Ligand SMILES: [Zn+2]
């Protein structure tokens, strides 16, 4: 599975390879199985977003916001 959803270098907001972004259909914060969770790192959310347009799921924090 390719990472459809990414946060472009230097940007704060995710975009999807289908053309969706936060100003269009936006994204849901989900777990790896696609269940909606609160968007709090440490509160069950580890960085997955689901595109509301094409339903792709990707971990946008993977390898980016490692603390
Ligand atoms: Zn999409």
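Read-outs throughout are calculated quantities, based only on the coordinates presented, and are distinct from any laboratory measurement. Note that the structure is a prediction, hence the values are computed from the model and not measured.
Note that the chain, at 10 °C in a medium of 1.306 mPa s, gets a Stokes-Einstein diffusion coefficient of 134 µm²/s from its Kirkwood radius over C-alpha pairs.
Taking the DSSP bridge list for the chain and keeping only pairs wholly inside it, about 90 percent are antiparallel.
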